[in-house]
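Worksheet: the structure to be examined is printed underneath.
The values are calculated or read from the model by the stated rules, or taken from the named source; none is laboratory data. Because the structure is predicted, anything quoted here is derived from the model rather than measured. We place every Cβ from the backbone using ideal geometry, glycine too, and count neighbours over all the protein chains shown. We work out accessible area using only protein heavy atoms, side chains counted, and drop any ligands, DNA or RNA first. Shrake-Rupley method; radii C 1.70, N 1.55, O 1.52, S 1.80 Å.
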Amino acid sequence: MLGSMLRQASTTLDIDTPGRALVEITRPVAGWLGHAGIETGLLTLFIRHTSASLLVQENADPDVRGDLERFFARLVPDGDALFRHRDEGPDDMPGHIRTALTQVQLAIPVAAGRLVLGTWQGIYVWEHRRRPHRREVALHLLGE
Amino acid sequence: MLGSMLRQASTTLDIDTPGRALVEITRPVAGWLGHAGIETGLLTLFIRHTSASLLVQENADPDVRGDLERFFARLVPDGDALFRHRDEGPDDMPGHIRTALTQVQLAIPVAAGRLVLGTWQGIYVWEHRRRPHRREVALHLLGE
Amino acid sequence: MLGSMLRQASTTLDIDTPGRALVEITRPVAGWLGHAGIETGLLTLFIRHTSASLLVQENADPDVRGDLERFFARLVPDGDALFRHRDEGPDDMPGHIRTALTQVQLAIPVAAGRLVLGTWQGIYVWEHRRRPHRREVALHLLGE
């Protein structure tokens, strides 16, 4: 395989969140990939925030997202007396911890022009703050 | 350094798991890398499932894997009354949460023809379901 | 965009930690990147250890790091009776678990010659052991 055709593409997606929720972004990501004309390569997503994160999860039963939310709400309680950093309210520090426990970046191989996601996998921005935010996700694609 | 020699390779490993356990895959991954003839580059692993994950962990004392298992079993109890998603049994939703708390992808640099893993690091598929499964791990390699 | 200019660079940073703490490494990473002459690309960091990890977190209020530390100390207690692996003391197994719950690798796109980190994001080595260690972080850069 010749390497001389390898090239890069990049963009930034602006994702509006409704407050704390898992927001699926598989479609806009796949849409951008589809226009890039890359058959084989590597897509990297990076979220430029410290209280929202990236997650690959099941995109079939909505109860999965509800259960994830309930589990993390119990694991990292809003307003926990342990926290000193409260500048932006009781969900401020939990947002940072939930981000630490999940991911700020994902690297997903591309084959036959598509992400190699499994049948039930979707890509999500997980908003950890209670109020709506606009979140920036940088995409970087390398391939041929 | 000339860039014109950069090239890609990719494959999929099928990993049979015995049910909930950490299954080391360092050897098949390194074996495939060894045949690719890449001296310097980047290897990305991506698991195409939502209830099994990837982990880099100590591969010396088996008690480490036992303790990881016991810790996660306590942190995310099977059959927790919190969970509504129970389609496939009491270990269904815990599988999703354990996956969210660990990784679906790993990117590991390659130098001198080898993964830059530390002395005690191994690569594992962490099966979170109680029954055996066949898991697909997509590998993507870029380098020269 | 022509791909023929794509090239790689790699190095290893040695990071001295003071014992359990979040040690910011944004500056040495960005410094190395600045000398590589890459405008657009992908930087991957990989920590070669099983009881220290990598994290992107807020680098403004130090209380965030303190709260992260307190939260993880409560979540994964040193000397927990659950743990059998105690070769190196009560903080040995917690170091492995805290590493599993965070990251051993980070991939961050590069645009306009800089990491696409958000305004408040810094890159940290999280030392999970109580005593000082020297930690190796492998850096791999690909771009043009």
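With everything on Cα atoms, drop me the angle between helix A:26-36 and the longest principal axis of chain A, reported from 0 to 90° to the nearest 10. Between helix and principal axis, roughly 30 degrees.
Per residue, chain C exposes 38 Å² of accessible surface when a 1.4 Å probe is rolled over the protein heavy atoms with every protein chain present. Of all the options A:His133, A:His85, A:His96, the one that moves most in a Gaussian network model of chain A with Cα springs shorter than 10 angstrom is A:His85.
Take each residue of peptide A:74-81, count the partner chain Cβ atoms within 10 Å of its Cβ, and average: the result is 2.
Inter-part distance, region B:75-144 to region A:55-74, computed on C-alpha centroids, equals 17 Å. Panel note: the C-alpha atoms of region C:55-119, placed on their principal axes, show extents of 50, 24, 15 Å (largest first). Please check: in the Gaussian network model of chain B (C-alpha springs, under 10 Å), which one of B:Val110, B:Val29, B:Val64 has the largest mean-square fluctuation. Sorting by GNM fluctuation, first place goes to B:Val64.
Based on alpha-carbon atoms, the Kirkwood radius and the radius of gyration of region A:86-138 give Rg/Rh equal to 1.09. Dimensions of region A:1-123 from C-alpha coordinates, computed as largest minus smallest value along each principal axis and given longest first, are 58, 30, 23 Å. Let a ≥ b ≥ c be the square roots of the eigenvalues of the Cα gyration tensor of region B:1-57; is it rounded (a/c under 1.5), or, if not, prolate (a/b larger than b/c) or oblate? Prolate shape, in that a/c is at least 1.5 and a/b is the bigger ratio. Kirkwood hydrodynamic radius computed over the protein assembly as shown comes to 21.6 Å, based on all pairs of distinct alpha carbons.
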